[in-house]
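Shown next, in structure tokens, is the structure this report addresses.
The values are calculated or read from the model by the stated rules, or taken from the named source; none is laboratory data. Because the structure is a prediction, the values reported are computed rather than measured. Quick reminder, even Gly has a Cβ in these numbers, built from the backbone with ideal geometry, and neighbours come from all protein chains shown.
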Amino acid sequence: MKLMIAIVQDEDAGRLIGELMDQNFGVTKLATTGGFLKSGNTTLLIGLNEERYDECLSLIEKVCKSRKQVATSPVSMSSASSGMYSPYPIEVTVGGATVFVLSVDQFVKF
Ligand code: 2BA
């Protein structure tokens, strides 16, 4: 058995959960926050049998779109003349999805 941890954008989460449920995957949704943008995203825990691994990954890839976001960089640039630090806007491409796959030693339901 595998545990898929998929970090997706909030905009894609509802549709992805719907499609996963339609295909009888078990899903748990967590409200999470990205460390870089410090804005909300969604983390899904999906426990599945190895035979369904490709099917699940394909669904995630199909639904989750990459998007550009403008963020104020947490990394500051130093101004040589003033010695002041000022944040500046940067564009980053977020997603489609960041997926970690773990092998599950044991799966128990009471
Ligand atoms: P955030 O940490 O808020 O990152 C959002 C996007 O900002 C990233 O998109 C990436 O394009 C950019 N980014 C992140 N760190 C950066 C840096 N040091 N310099 C420049 N740009 C940077 P994604 O890579 O698609 O990641 C989307 C979200 O997935 C992340 O949100 C984070 O919540 C999660 N994530 C990504 N990689 C991860 C990892 N190795 N471990 C844990 N979570 C991860």
Number of positions in the stretch 33-73 that are in contact with a Gly (Cβ under 7 Å, 6 or more places away or on another chain), surrounded by 13 or more Cβ atoms within 10 Å (Cβ to Cβ) and of a type outside the set (A, V, I, L, M, F, W, C): 4
For Leu3, state whether it is closer than 13 Å to Val99 by Cβ and outside any loop (DSSP other than H, G, I, E, B). yes
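Just to verify a result, which residue in the stretch 47-69, among those that are within 14 Å of the ligand (Cβ to nearest atom) and over 12 Å from the mean Cα position of the chain (by Cα), is modelled with the lowest pLDDT? So that I can check it myself, show each step before the final result.
Of the residues in the stretch 47-69, the ones within 14 Å of the ligand (Cβ to nearest atom) are 60-61, 64-69.
Checking the rest, the ones that are also over 12 Å from the mean Cα position of the chain (by Cα) come to 67-69.
Numbers: Arg67: 95, Lys68: 95, Gln69: 90.
Once the filter is applied, the top-ranked residue is Gln69.
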Output the residues belonging to the stretch 78-108 that are part of a loop (DSSP other than H, G, I, E, B), at pLDDT below 95 and more than 8 Å from the ligand (Cβ to nearest atom). Ser79, Ala80, Ser81, Ser82, Gly83, Met84, Pro87, Tyr88
Can you tell me which of (1) under 22 Å from Glu91 (Cβ atoms); (2) aromatic (Phe, Trp, Tyr); (3) buried (at least 18 other Cβ atoms within 10 Å of the Cβ) is the one Phe25 doesn't meet? (1)
So which residues in the stretch 16-46 are within 16 Å of the ligand (Cβ to nearest atom) and either touching an Asp or Glu at 6+ places or on another chain (Cβ under 9 Å) or small (Gly, Ala, Ser) (or both)? Ala31, Gly34, Gly35, Ser39, Gly40, Asn41, Thr42
